[in-house]
Amino acid sequence: MNNKSKLPFLILSFLIVVISVNPITISFLPKNPLVLMASHYALYFAGILAGASLLRLNKAFVIPAVVPPIIFHFPFFFVQSGINLAWTFTDYSTMVVGGVLLGAALRSAGKLIKSSLFVLYMVGDTTLAILLVLGFPVYSPPSVIFSPYSVSQFYDVSYFMFGVMNLILFVVLGYTLRKLLN
């Protein structure tokens, strides 16, 4: 990729970060878990765009790249990120760094690694979304006593997650079909 073709991806990455991390969105975090979940997706995607545009790393960097989204979807860390600004900063910055690492390592990763990442992501997010849509208090009291979120707030979160998963699925299927047809 030459410098001219990198610029739109870097600008888009920067805009996604600015839209996701500002006083208005931060103020909604303790009130609406959908903002936090959407920020996770957006910041990780922004990191992937930047990493793919700027760096080339060994496939081994895929492992640390997936740690932030895994950790910050554990109930304790998810809720802490929504209510504590220091945790939010840690969450958001590691999401971007994880995305950068993944974006930079994807080109060197083989088909097996890429397909394994995709399947694990789909299984993990589907499981979480199903638990949320069924009303399990994954991120709410009594599971997380200090959580300001009610179980009913996570219905929208689960629908959003299904929407994002379907979008990613369609992109991956489209890319795969295009590769097969060429």
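For the range 86-130, what does the alpha-carbon gyration tensor say about shape, rounded, prolate or oblate, given a ≥ b ≥ c as the root eigenvalues, a/c under 1.5 as rounded, and a/b over b/c as prolate?
Here the range 86-130 falls in the oblate category.
At VAL18 and ILE83, where each label point lies 7 Å from the Cα along Cα→Cβ, what is the point-to-point distance in nanometres?
About 3.3 nm separates the two model spin labels.
From Cα pairs below 8 angstrom and at least 6 apart in sequence, can you work out the relative contact order of the range 3-87, rounded to a whole percent?
34
Among ILE24, ILE71, ILE130, which comes first, then next, by fewest other beta-carbon atoms within 10 Å?
The most exposed by this proxy come first: ILE24, ILE130, ILE71.
Under a point-charge model restricted to the Cβ atoms of Lys and Arg (+1) and Asp and Glu (-1), what is the dipole moment magnitude of the chain relative to its Cα centre, in debye to the nearest 20?
820
Which loop-located chymotrypsin sites (Phe, Trp or Tyr not before Pro) does the range 121-173 contain, where loop means any DSSP state but H, G, I, E or B and the Cβ has at most 13 other Cβ atoms within 10 Å?
When the chymotrypsin sites (Phe, Trp or Tyr not before Pro) of the range 121-173 are filtered for loop state and at most 13 Cβ neighbours within 10 Å, PHE146 remain.
Would you order THR88, THR126 from fewest to most other beta-carbon atoms within 10 Å of each residue's own beta-carbon?
THR126, THR88
Could you work out how far helix 154-181 tilts from the main Cα principal axis of the chain, as a 0 to 90 degree angle to the nearest 10?
Relative to the chain, helix 154-181 is tipped by roughly 10 degrees.
How do MET122, MET37 line up, fewest other C-beta atoms within 10 Å first?
Ordered from fewest to most neighbouring Cβ atoms within 10 Å, MET122, MET37 come out as MET122, MET37.
Expected output is a single nm value to one decimal: the length gained when fully extending between LYS31 and LEU120, i.e. 0.36 nm times separation in residues minus the C-alpha distance. What is it?
Stretched fully, the LYS31-LEU120 segment lengthens by 29.1 nm.
Of VAL144, VAL123, VAL96, which has the largest mean-square fluctuation in a 10 Å C-alpha GNM of the chain?
Top of the fluctuation ranking is VAL123.
Place the peptides 174-182, 41-49 in order of packing, highest mean first, counting for every residue the other Cβ atoms within 10 Å and averaging per peptide.
Packing order, densest peptide first, comes out as 41-49, 174-182.
Calculated from DSSP H runs of 4 or more alone, at -39500 (n - 2.57) each and per residue, what is the 222 nm mean residue ellipticity of the chain, nearest 500?
After summing the helix terms and dividing by the residues of the chain, the value is -25500 deg cm²/dmol.
Taking one equal scatterer on every alpha-carbon of the range 3-181, how large is log10 of I(q)/I(0) by Debye at q = 0.12 1/Å?
-0.58
Bear in mind these aren't lab numbers, they're just calculated from the coordinates by the rules spelled out. Note that the coordinates shown come from a computational prediction; the quantities given were computed from them, not determined experimentally. Note that we place each Cβ from the backbone using ideal geometry, even for glycine, and neighbour counts take in every protein chain shown.
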